Every structure is written in C-alpha cells, then in structure tokens.
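Right, one structure below, let's go through it.
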C-alpha cells in the first residue's frame, strides 16, 4: 500500500491533524485555528524574527530526517530570539508542501519542531499550509524580554571583551562530511542536522551586562564583521582562544583543511557572539575570544591575531 | 545592458537597499537589521497571523505586476489581523527569490507591500531574504486589540444576524477573466491583483458587539461552514441579500455562469464575515445576508435560502 500523501489527505484534514498534535496552549490567549493567534506580551514589547528555509538550499531530505528539519527550522529562529537577550515564547510556521509529500514526513517535521520549541520553552501558536513545488518553511519566532533592554549588535564598544558561547565549525564540518557522501563523524553530522543553541545564554549575557549580542549563523568572521560595522568598531579575534571541537579539528585535518576554515567561516551552529565591558565576569558558557578596538579609517573591521584576513568568508545567500 | 538581478547584487546589498527604503520606524523599539525586531504591544497581547504565497500558485508574474504582488501579500495577512477585531500594526516578510529575479521586481514588490501596509497603518519591521527556485513570500502580520476582546470565528450564536463587509466574487471574476486570456473588465482584474480590505471594519465590528468575525479568503460558503462548525451552529444565507457587484454579474453572465458561483465560492476578496446579536445596528459597511440557526444533527452547516447546497465550494489547497 502506497504511503498516504499530503495530496491524499488535503489541507483541512492536515490542519486538523496538526491542531490535534499541538493541543491546547495554556497561557496563549488565542492559539491556532482562527484567522490569527493572540499572544500574551506582559512586557509590553515582543521580540519577533522570521526566517525561511527552502528544500535543496537549507536542507536536503536525503541528508536530514523530517524531524531534524523541524528541529532546525525552530532552532535557527529561536536562536535569533535568544540573541536579543530574550526568552523564546512562541512561533508560527508557514509550510509549502508538494502534494506528493508523505503525511509521515509532515508528522516527523512537526514532532521535531515541537520538540525543539519545547526545549526553548516556546509553543507553536499558529501557521499556514499551502501547496508548492519545493518544501518551503517560513518560521516566525517570538520572545519575551522580561523587562530587560534588547541587546543589539550595534552596542560593541572599544575595549570590550569579545566572547562566544557554543561550538563553532561543527555544523560546517557536518555539511562537508555529508557533501563527501559520508555519515560520520556522527557528532559533526548531528551538529549540521540538529543545531542545539543554548537559548538561556541570551538572557545570561543580558544579565551579565553584555554590550552587544548576536547569533552566529553565517560564520564567525562574517557575523563579527556585521557586529563591528553596526557598532562602528573593529574586532580582533585571537585564534588560539577559539573553542576547538575535537571532531572539527580531526576531521578538517583528515580533509587537509585548516580547522579554522570551519571555525571562522562556518555558520549554522548558532553560537552566540557577545561583547562585555572590560573586566566583566563572563556568564556561564561564554569564553573570551578577542577584543573590540577602535575602527581605523576604512581598514578591515575584523582581524584575526591582529592581521587583516584575505576575505570575510561566511554564508551569503545568492553568492555561496 | 541586461537588467540587474538579485544574483548580481547579492543578499547583503539587497538587504541594505530594503532597509534604506523602509527607513526609521518611530514607535518600533527595534526595527529591521538586527537578529530580531522588537515590537511594542502596550495592550499586553499581540495579534499574530502568517501566510505563505508561492509563485504559480498564489500569483503569476505575467498576470500581476511586482507591486500588485506586494500589495496582495500584505493585504491577505493584514485582513486576517482585522478579522480578529484588531488594528494592524506591523508585518515581517521572508522572501525566497531565484537569483535571476530582477532588482526592479524586488523594488516594485517592496513598494506595493509598503503602500498596502501603510494603508492599513502597519510598518515593515523585519524580514529574511534567501534563494529559492520559485518566488515564495512568507508574511507574518501583527495587530493591536486596544483593550478589546478578540472576536473569534467560534462565537456565532443561534439567532444572530449574519453580515458581510466588502465585495464578494470580484477577485474570482478577475481570476476567471485572466485565465481566459483577457485583461478586462478592469474592475475584476484589479480586484484579483489588488484586494483592498476595509481594515478598520474589524474594529468597527468589534465595537458594534460582533459575536463572531472572520476573513472570507476561501469563499463565503467554505468560510461560513468553518464559522458554523467552530461555533456549533448552522448558517443560512439569503442569496437575494448578497452584495452583487455589477461587473461580477455581467461578466459571469457573459461566461454563462451563475454569478453566485463567484459570489458564494470565490475567495481572495478578503471581505469580512460577521455575526451580530439579533436587532443589532450593523456598523458601517456591513450588510445583513443571513441568519444563524441551531445546528441540526449531522446535517449541512451552511444553507442557501434554506436549502442544503450540493457542496461547499471554495478554495482548498492541494485539492483545487
């Protein structure tokens, strides 16, 4: 018997199936199923971020299970919420599916999405389901600042300590492994399939007085360059201080690559990049990796060990 | 000289171009350009809705200008906000574009989107830009209840007056015209390309004591059926009372169609469907078109002139 597809079941039945899986949502004034949801925001402000993931571009069904893709779609948006110094609270998801998509894929996707949302403390509050030729996932995620000021990427000041929280290069290593047709080291492949952002680290950074904070999604160098430009400063990274995951180092070496290629250029781990006032006691999970300097003329905004880098690598859509 | 494309310019330059067009946003704590936006919600609640539009499915570039598509993407989401009895305030947009998309198309899309958002009183507060094979637009829109209770589709009560605000069938007529290779009547084609929801009608319905309210996006019969099911009632529509746009009537007749096919079955006009307590003075723009009845067993939830209709027509994704 052929597996049941989205086209077999139809939009209305699938939406009912999803609503059943989501269940009632305590604390959400109006959940999924009406024209719109109504979210509580006792703080008087709501953090909002949106990202789109396209099959073949941001994920491949032969490399990632449905649940992995659901995890990743939730994680990359919820990480952006944390990167404002906020606590994730909810997300809404718009999904374009080819009619031949199996219902089992939709179930798996939803399970992964709900699991990662739950890990972040967020609920699925609404969505949309349409037909498309490629699976396309639009996630909008929300967060609560709890009375704190949002921590922007533009707040870095000369003299600040630059710090990161989380692994760097693991997801890029996993992508390289999969691109070569391998499935191990498992730690790297898993890092690509299911990034596991440390969501509470955003609030910890805020509480520790971070001047600037952002999600590293396109590679440390590219994102540090964005932070430096937004703040009108320069950033010097000390390569010795960067966290070096053992699997990243050994796998890169096996491929005759400098591990820094992945550590400095690889995105998708969703580490946090922060700057703290000099002398700060860094919050749990953060390690100092550099220093904020005054910008000098039109020179490079980001340096590694005091040297200009040939190019700011990292992921840019349309160009990569 | 070939027109400049998205692939020529690259993500970062396009995002900067968009940020320039949007400009500063008074009243928005954090606008576009950081990991996330921060929206004000003085009410302590925020209305949230999301929709995805896929090229070839929800719009065609040979039938609609870029600005029309921007208008429509904004309108269909902002209409859902109004349909909760809320005032639209903001939206965020995720956009997947093929690299060969002309920059002029992006500019036109953005101009149309900003114009329609402005008509609703909403600002563009953030977004995402990625590469895809088909233009895909994910919009999430926000609204302010201003202390009012949200008006749900589940609130209809037996005895209520059923009312609609806005035209019915014009967008379906426009689609039929375009499908036959014509470009007129212009009023219908324009209605398909640029639905013009009466956004303040949502708040007017709320202030007039509406029991139930929803956006008619998939056809009056299908959406009335959804309202009836959500409310546990039946709805009887009086066909004589339905607003009949002259272009809808004459064009349907020219195509040997009963105009009710479009009026009852056509979506995308984004009229509002509401129920009010019996004896209510209907707010401006609303006309009475039927009555809410007790549900009887498992019979039809929606009737026209007291008769069960053969099928609840309307747009269902994957099936249409």
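For this structure, a couple of remarks:
- Percent RCO, i.e. relative contact order, over the stretch B:9-144, from Cα pairs under 8 Å lying at least 6 residues apart: 36 percent
- The stretch B:199-320 - Debye-derived log10 I(q)/I(0), Cα point model, q = 0.09 Å⁻¹: -0.25
- Antiparallel DSSP beta bridges within chain A, percent to nearest 5: 75 percent
- With a Förster radius of 22 Å applied to the C-beta separation of residue B:183 and residue B:2, the computed FRET efficiency comes to 0.20.
- Debye log10 I(q)/I(0) at q = 0.14, 0.18, 0.25, 0.27 Å⁻¹ for the stretch B:70-156, Cα point scatterers: -0.52, -0.75, -1.18, -1.30
- GNM flexibility winner over chain A from A:148, A:194, A:180 (Cα, springs under 10 Å): A:180
- Cα-derived Rg to Rh of chain A, Kirkwood definition: 0.99
- The alpha-carbon positions of the stretch B:104-196 define a convex hull whose volume is 194 Å³ per residue.
- Neighbouring Cβ atoms from other chains, within 10 Å of the Cβ of residues in B:62-69, number 0 on average.
- Look at the alpha carbon pairs under 8 Å that are at least 6 residues apart: their mean separation over the length of chain B gives a relative contact order of 21 percent.
- Average Cα contact separation per residue, the stretch A:153-308, under 8 Å, 6 or more apart, as relative contact order %: 44 percent
- Residues A:59, A:182, A:109, arranged from fewest to most other Cβ atoms within 10 angstrom of their Cβ, appear as A:182, A:59, A:109.
- Both numbers refer to the Cα atoms of the stretch A:1-74; Rg and Dmax are 16.2, 53 Å.
- Packing here is the average count of other Cβ atoms within 10 Å per residue, and on that basis the peptides A:156-166, B:229-239, B:80-90, A:294-304, highest first, run B:80-90, A:156-166, B:229-239, A:294-304.
- Only helical runs count toward this figure. For chain B, summing -39,500 (n - 2.57) over DSSP H runs of n ≥ 4 and dividing by all residues gives -10000 deg cm²/dmol at 222 nm.
- For the stretch B:122-258, the spread of Cα coordinates along the three principal axes comes to 47, 46, 24 Å, biggest extent given first.
- Placing a label point 7 Å from Cα along the Cα-to-Cβ direction at residue B:181 gives distances to the equivalent points in the other copies of 5.0 nm, listed shortest first.
- GNM flexibility winner over chain B from B:36, B:210, B:120 (Cα, springs under 10 Å): B:36
- Approximate shape of the stretch B:177-257 as ellipsoid semi-axes (Cα gyration tensor, √5λ), whole Å, largest first: 29, 17, 12
- Across all Cα atoms of the stretch A:11-144, the radius of gyration (one decimal) and Dmax (whole number) stand at 14.1, 43 Å.
- Centroid-to-centroid separation of the stretch B:208-239 and the stretch B:73-147 [C-alpha atoms, Å]: 26 Å
- With the convex hull drawn over the C-alpha atoms of the stretch A:239-287, the volume per residue is 96 Å³.
- Helix A:103-120 axis, angle to chain A major axis (alpha carbon atoms, nearest 10°): 40 degrees
- Crossing angle, helix B:170-179 versus chain B [Cα axis fit, 0-90 degrees, rounded to tens]: 60 degrees
- For the protein assembly as shown, the spread of Cα positions along the three principal axes, ordered from largest to smallest, is 79, 53, 46 Å.
- For the rotational copy relationship between A and B, the axis lies nearest to a chain A beta carbon, identified with its distance in whole angstrom as A:138, 1.
- Per-copy distances of the residue B:65 label point, shortest first, in nm (7 angstrom along Cα→Cβ): 5.1
- When chain A is treated as a Gaussian network with alpha carbon springs shorter than 10 Å, the biggest mean-square fluctuation among A:143, A:279, A:306 belongs to A:279.
Rule-based calculations on the coordinates, nothing more; no lab input. Bear in mind that the values here come from a model prediction, so they are computed numbers and not experimental data. A quick note on method: Cβ atoms are made from the backbone with ideal geometry, for glycine too, and the neighbour counts reach across all protein chains shown.
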